[in-house]
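K.L.:
Have a look at this one before I ask anything.
The values are calculated or read from the model by the stated rules, or taken from the named source; none is laboratory data. Keep in mind that what you see is a predicted model, and the values were worked out from it rather than measured. Every residue, glycine as well, gets a Cβ built from its backbone with ideal geometry; the counts of neighbours run over all protein chains shown.
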Amino acid sequence: MHAADNVAIVANDGGLPAGTVFADGLVLLDKVPQGHKVSLVDIAAGESVRRYNVVIGTAIRDIPAGSWVHERLLQMPQARSLVGLPMATEKPAPLPPLEGYTFDGYRNADGSVGSRNILAITTTVQCVAGVVEFAVKRIKDELLPQYPHVDDVVGLEHSYGCGVAIDAPDAVIPIRTLRNISLNPNFGGEVMVVSLGCEKLQPERLLPPGVIPISDQRDAQAQEKLDVVCLQDAGHVGFMSMIDSILRQARVHLERLNQRRREPCPASSLVVGVQCGGSDAFSGVTANPAVGFATDLLVRAGATVMFSEVTEVRDGIDQLTARAATPEVAEAMVREMAWYDSYLERGKVDRSANTTPGNKAGGLSNIVEKAMGSIIKSGTAPIMGVVPPGERALQKGLLYAATPASDFICGTLQLAAGINVHVFTTGRGTPYGLAEVPVIKVATRSDLARRWHDLMDLDAGRIATGEMTIEQMGWELFHMMLAVASGKKTWAEHWKLHNALVLFNPAPVT
């Protein structure tokens, strides 16, 4: 990956056997699986092992040239201190504007644009999940065919709402997360709530007056009172009366959503979340660099892009603070990292808890190596702002959304931040999806793209085989995002695959 590296990865499908001879004369001493590292030179015990021109570990014993270099041979470096970092020191030349690109989206009263036209039913507590699931199925079967311009109906189910320390300082995170998910651009400003009645998270606390955008006087009158179906209301006699009440209110929102039509919108209206899961050693070679190139294209077009995953960028914090547009943005990143360091310390774990067995099987030795491949999704543009967990993004350009690295929690928090398209890269493979926004799945390896041909939307492995350049793949992804935002279905949408919302709740559970 860099001239100063003393290891490289084996790109060949299935890996290479011991005895393999390379053009430069290097001979493999071990069988090396695909994606795993091989030492290019003799590395003595105690010497640094470098990939991406970054020290990813220290050799715990002598490693002869041609050896398989895996996590058991490396001592992971200490985390970079959050003191003395370069703060907004990089001043790159402005990227030239990218004009003339549009997509067909749904304009909202608050100025945002949806890529889908969905009725979302917010729940205040897990207790109502089964009832809402039953009602959503009825709505899809009986009502949705009457409203051809509405794409879907989803219940915003979660595990929060009661049995929690609702007034604890950190409780603000799950509450504002659910609030802002309810206002995602793909829901058209239509807010409908199903409540049990006795839960701690009361509807008025979740969605206080003034939170829901109002487009005209008619809507103002309709929204003076939050639209809530409370299952414990005395008027509900029996289960079916609850279901009938939900269907009756759903019809009101479906009527309004069905009046909406797609119209040309500038690419600057895109709000894209980028994330990786089931990562491997190719993530930082193919898919994530291509996403980074596409990120720069989006920024040039005036769009908003957010990258995330605290523990997967923590080891490159100096790279990020240097790229901050201002010292204030750099300081905000440091605050988020420091909060998360403390959060992990309270749980008696450190950042090494991040890498999974699959990551290691895919050639990633530790979180340092993983972080270097993850950060590149952010491209090269200056970082314009930081979005705390659960908050909504209010700026354009490249943003850092401070989320855990968990696929499900990160996706949930990016939904709250206001994304209308999600890009998800994977090397090991995952059927991850979101019901609320389209998810474009990018495979890091062609082998995965071939085997999972009806789950992966884009094969970035063609970069490793030399069929395409990072630049070409970045442009292909950029055009795919515009097509998907205009209504083209992803494979996850085709199969209706989606993961549950998982709210990040660092507050106590009672």
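K.L.:
List the residue pairs whose Cβ atoms are under 6 Å apart, where the first residue sits in the stretch 422-435 and is closer than 22 Å to residue 473 by Cβ and at pLDDT 95 or above, the second is charged (D, E, K, R) and part of a strand (DSSP E or B), and the two are 6 or more positions apart or on different chains.
P.N.:
424/441
K.L.:
Could you check, for the stretch 279-288, whether at least one of its residues is surrounded by 24 or more Cβ atoms within 10 Å (Cβ to Cβ), assigned by TED's automatic domain parsing to the domain that holds residue 447 and assigned to a helix (DSSP H, G or I)?
P.N.:
yes
K.L.:
Could you name every one of the helices (runs of 4 or more DSSP H) located completely within the stretch 398-510 that has at least 2 residues being surrounded by fewer than 17 Cβ atoms within 10 Å (Cβ to Cβ)?
P.N.:
446-451, 470-485, 491-495
K.L.:
Select from the stretch 90-124 the residues that are under 24 Å from the mean Cα position of the chain (by Cα) and aliphatic (A, V, I, L, M) and write down the one among them that is farthest from residue 162 (Cα to Cα).
P.N.:
113
K.L.:
Taking the stated definitions as given, is residue 136 aliphatic (A, V, I, L, M) and without any contact (Cβ under 8 Å) to a residue 60 or more places away in the chain?
P.N.:
So residue 136 passes the test.
K.L.:
Quick check on my filter: what residues within the stretch 54-71 are at pLDDT below 95 and exposed (fewer than 13 other Cβ atoms within 10 Å of the Cβ)?
P.N.:
none
K.L.:
Pairs, please: C-beta under 9 Å, at least 6 apart or cross-chain, first residue within 14 Å of residue 443 (Cα to Cα) and in the stretch 476-494, second assigned to a loop (DSSP other than H, G, I, E, B) and among the hydrophobic types (A, V, I, L, M, F, W, C)?
P.N.:
Close Cβ pairs (under 9 Å, with a partner that is assigned to a loop (DSSP other than H, G, I, E, B) and among the hydrophobic types (A, V, I, L, M, F, W, C)) amount to 476/468; 491/452; 491/455; 491/456; 491/497; 492/434; 492/455.
K.L.:
Taking the stretch 9-29, which residues are surrounded by fewer than 18 Cβ atoms within 10 Å (Cβ to Cβ) and touching a residue at least 24 places away in the same chain (Cβ under 8 Å)?
P.N.:
Once the filter is applied, which keeps residues that are surrounded by fewer than 18 Cβ atoms within 10 Å (Cβ to Cβ) and touching a residue at least 24 places away in the same chain (Cβ under 8 Å), the stretch 9-29 yields 13, 26, 27, 29.
K.L.:
Checking residue 87 against (1) within 30 Å of residue 380 (Cα to Cα); (2) within 25 Å of the chain's Cα centre (by Cα); (3) of a type outside the set (Gly, Ala, Ser): exactly one of these is not met. Which one?
P.N.:
Result: residue 87 passes all but (2).
K.L.:
Taking the stretch 326-341, which residues are acidic (Asp, Glu) and either in contact with a strand residue (DSSP E or B) (Cβ under 8 Å, 6 or more places away or on another chain) or not in a helix (DSSP H, G or I) (or both)?
P.N.:
336 - this is the single residue of the stretch 326-341 that is acidic (Asp, Glu) and either in contact with a strand residue (DSSP E or B) (Cβ under 8 Å, 6 or more places away or on another chain) or not in a helix (DSSP H, G or I) (or both).
K.L.:
Follow-up question, since we're still on this one. Within the stretch 210-254, how many residues turn out to be part of a helix (DSSP H, G or I) and at pLDDT 95 or above?
P.N.:
Of the residues in the stretch 210-254, 16 are part of a helix (DSSP H, G or I) and at pLDDT 95 or above.
K.L.:
Taking the stated definitions as given, is residue 43 farther than 30 Å from residue 330 by Cβ, surrounded by 20 or more Cβ atoms within 10 Å (Cβ to Cβ) and β-branched (Val, Ile, Thr)?
P.N.:
Here the answer is yes, as residue 43 does meet what is asked.
K.L.:
Now for a separate question. Can you find even one residue in the stretch 275-292 that is over 30 Å from residue 69 (Cβ atoms) and either modelled with pLDDT of 95 or more or not hydrophobic (A, V, I, L, M, F, W, C) (or both)?
P.N.:
no
K.L.:
I want to confirm something. Restricting to the stretch 364-397 and keeping residues that are in a helix (DSSP H, G or I) and of a type in the set (D, E, K, R), which single residue is nearest to residue 423 (Cα to Cα)?
P.N.:
By that ranking, first place goes to 377.
K.L.:
Can you tell me which residue within the stretch 342-363, out of those that are assigned to a loop (DSSP other than H, G, I, E, B) and more than 20 Å from the chain's Cα centre (by Cα), is surrounded by the fewest Cβ atoms within 10 Å (Cβ to Cβ)?
P.N.:
That would be 348.
K.L.:
Right, another one. With respect to residue 323, determine if the residue is in contact (Cβ under 8 Å) with a residue 60 or more places away in the chain, surrounded by 19 or more Cβ atoms within 10 Å (Cβ to Cβ) and in contact with a strand residue (DSSP E or B) (Cβ under 7 Å, 6 or more places away or on another chain).
P.N.:
Yes, satisfied.
K.L.:
While we're on this one: Looking at residue 82 and the list (1) hydrophobic (A, V, I, L, M, F, W, C); (2) crowded, with 21+ Cβ neighbours inside 10 Å; (3) under 26 Å from the mean Cα position of the chain (by Cα); (4) not in a strand (DSSP E or B), which single condition is not satisfied?
P.N.:
Result: residue 82 fails condition (2) only.
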